[in-house]
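Quick notes on the structure that follows.
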Number of protein chains: 2
Amino acid sequence: MQQAIAILDSGVGGLTVAKEVMRQLPMENILYFGDTARAPYGPRDSEEVLEFTRQIVDYLLQFGPKMIVIACNTATAIALHKIRSMVSIPVVGVIYPGARAAIKSTRNGTIGVIGTENTIRSGAYQQALQSINPSIRVVSLACPRLVPLVENRMFRSEEAKLVVEQSLRPMRQSDMDCLILGCTHYPYLSEAISDVVGPDVSLISSADETAREISAILYHRGQLAENGDLPVHRFFCSGNTGLFQAIAQEWLGEEMKISPVVWQMTRL
Amino acid sequence: MQQAIAILDSGVGGLTVAKEVMRQLPMENILYFGDTARAPYGPRDSEEVLEFTRQIVDYLLQFGPKMIVIACNTATAIALHKIRSMVSIPVVGVIYPGARAAIKSTRNGTIGVIGTENTIRSGAYQQALQSINPSIRVVSLACPRLVPLVENRMFRSEEAKLVVEQSLRPMRQSDMDCLILGCTHYPYLSEAISDVVGPDVSLISSADETAREISAILYHRGQLAENGDLPVHRFFCSGNTGLFQAIAQEWLGEEMKISPVVWQMTRL
């Protein structure tokens, strides 16, 4: 069996990355771990997020993956460098791919970022953007109320629209021409977010961009999957399998139907 | 002095890549070589394109660059793998970055590609696209009349519009939802191309996408330039410096003004 891409998240947010990997790289085996029992990571302290991430990486490594994807902005901001120094395979985070896409997209040099408290407090996007181009202006905003909406499968509700509108209000006066969805849960809410910021602001999904960067890195390492057996997609979660599976099936939709899927509840 | 990114092309086409590298990675030193004395490469035989590419790479290697970018689709299709096996630094072509961006962009799975005779005849895009996703449909068209318009600085002329319209006519019936500009000269003509294919077809510039992929690869190798001295951009061409410099200054515009520039005519 071909080596898999291992994707981890605090819960269902990383499924936005998994979906794009399934769409952009349909021949790849995927292992997904959602730490739903302990989500959200946004308000947790750094030590804890690092420890949880380490546990999941250890668990996933037993399957011999070819790459680890930290599909959670909070965990990327806190744990990426430490995980990289621990393992010998490539470890991809979700912050630089989004930063690079925003730098490609922006015309006026002002980039917005929304994320969890931890991600915004870490300054990780500002640091990534300005390490590439010091003259980029960054407007950041923590939106702590969005992740729970998604984890509780309320992302299509009227309440979700209202919470998004209230959360993003402080950004309406900004002159950003693109906005990084700096949390992998946010693509679930992208329609509502787009309605608030308007059509002139491009939304950058760190999920879409990370999938593309995974493709680039595997290609340059000569490790893209070759055409052969149907790929297998295995999903693990640490909490309620029913809710996780319901969200995954609703979100992944078409991408889910093309290949065998395995569900498993796993306590770490 | 920080190591440079070395970019080569048959002529001025690769300046579309250089411009995007200057914009997306404004701290990087750049070496550019345009083989204007021998452009275009599109109709040349493969042995010759390979030999010319080798000569330019040898020339650029004396400056100790950190990366070689073959910013010419024809040379990428013919020479990328051989050049890669010759040198120890990363060699980036322009075909896979465009292919990856098209795969990310397409919703209906039908992707158009335009390029030189050599690029289209090589089937390189079709091979790249389908090696990633075998179910992608590819519609290809050689447009041999476009490069000479650009090399002769006629890209803003009425004649250019007419030639683009005539060249692309066979693609109008296609149901592609994105079109790869599979020649680095084509972004000079992107307005005219967009007018012909219409607003529902996204244009994918291999130039923009390659710049982004350069950023990703250098980042993952820990080789992005650090903030420090103003970067230096050195331009070499093998033919008429006056015409080359006029096109470069017109095309690069703002990006050109931020840092010292060196021009040099060099016979290989």
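The values are calculated or read from the model by the stated rules, or taken from the named source; none is laboratory data. This is a predicted model, so every value here is computed, not measured. Backbone-built Cβ (ideal geometry, glycine too); neighbour counts: all protein chains shown.
Yes/no per residue for (1) touching a Ser or Thr at 6+ places or on another chain (Cβ under 7 Å); (2) within 14 Å of chain A (Cβ to nearest Cβ):
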residue	(1), (2)
B:102	no, yes
B:109	yes, yes
B:114	no, no
B:117	no, no
B:130	no, yes
B:133	no, yes
B:138	no, no
Condition first: under 13 Å from residue A:237 (Cα atoms) and of a type in the set (Val, Ile, Thr). Now tell me which residues in region A:8-22 satisfy that.
A:12
Close pairs from region B:151-172: first under 21 Å from residue B:40 (Cβ atoms), partner modelled with pLDDT of 90 or more and charged (D, E, K, R), Cβ under 7 Å, at least 6 apart:
B:163/B:145; B:167/B:145
Within region A:1-35, track down each residue that is among the hydrophobic types (A, V, I, L, M, F, W, C) and either farther than 22 Å from residue A:78 by Cβ or in contact with a Cys (Cβ under 6 Å, 6 or more places away or on another chain) (or both).
A:1, A:4, A:21, A:22, A:25, A:27, A:30
From the list B:191, B:213, B:250, B:209, pick out the single residue that is within 24 Å of residue B:148 (Cα to Cα) and within 13 Å of chain A (Cβ to nearest Cβ).
B:209
Identify all residues within region B:120-157 that are part of a strand (DSSP E or B) and among the polar types (S, T, N, Q); write none if there are none.
B:140
Go through region A:23-49 and give me each residue that's within 16 Å of residue A:236 (Cβ to Cβ) and either in contact with an Asp or Glu (Cβ under 8 Å, 6 or more places away or on another chain) or not charged (D, E, K, R) (or both).
A:29, A:30, A:31, A:32, A:33, A:34, A:35, A:36, A:37, A:39
Taking region B:188-203 on its own, how many of its residues are touching a residue at least 12 places away in the same chain (Cβ under 8 Å) and more than 23 Å from residue B:109 (Cα to Cα)?
3
Which numbered condition trips up residue A:125, out of (1) surrounded by fewer than 24 Cβ atoms within 10 Å (Cβ to Cβ); (2) more than 14 Å from chain B (Cβ to nearest Cβ)?
(1)
Kindly establish whether residue A:259 is small (Gly, Ala, Ser) and at pLDDT 95 or above.
no
Among the candidates B:209, B:159, B:213, single out the residue that is surrounded by fewer than 23 Cβ atoms within 10 Å (Cβ to Cβ) and of a type in the set (D, E, K, R).
B:159
List, please: which pairs have Cβ atoms under 8 Å, are six or more places apart or on different chains, and start with a residue in region B:79-102 that is within 20 Å of residue B:209 (Cβ to Cβ) and end with one that is at pLDDT below 95 and loosely packed, with under 15 Cβ neighbours inside 10 Å?
B:90/B:221
Scanning region A:198-230 residue by residue, those modelled with pLDDT of 90 or more and more than 19 Å from the chain's Cα centre (by Cα) turn out to be A:198, A:199, A:200, A:201, A:219, A:220, A:221, A:222, A:223, A:224, A:225
Within region B:103-118, track down each residue that is under 26 Å from residue B:148 (Cβ atoms) and in a helix (DSSP H, G or I).
B:117, B:118
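Output the residue which, of all residues in region B:79-100 that are part of a loop (DSSP other than H, G, I, E, B) and within 12 Å of chain A (Cβ to nearest Cβ), is surrounded by the fewest Cβ atoms within 10 Å (Cβ to Cβ).
At the first step, the residues of region B:79-100 found to be part of a loop (DSSP other than H, G, I, E, B) are B:87-90, B:93-94.
From what's left, within 12 Å of chain A (Cβ to nearest Cβ): B:90, B:93.
Details: B:90: 17, B:93: 26.
Among those residues, the one meeting the criterion is B:90.
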Taking region A:7-30 as the region of interest, how many residues are under 26 Å from residue A:148 (Cβ atoms) and not in a helix (DSSP H, G or I)?
9
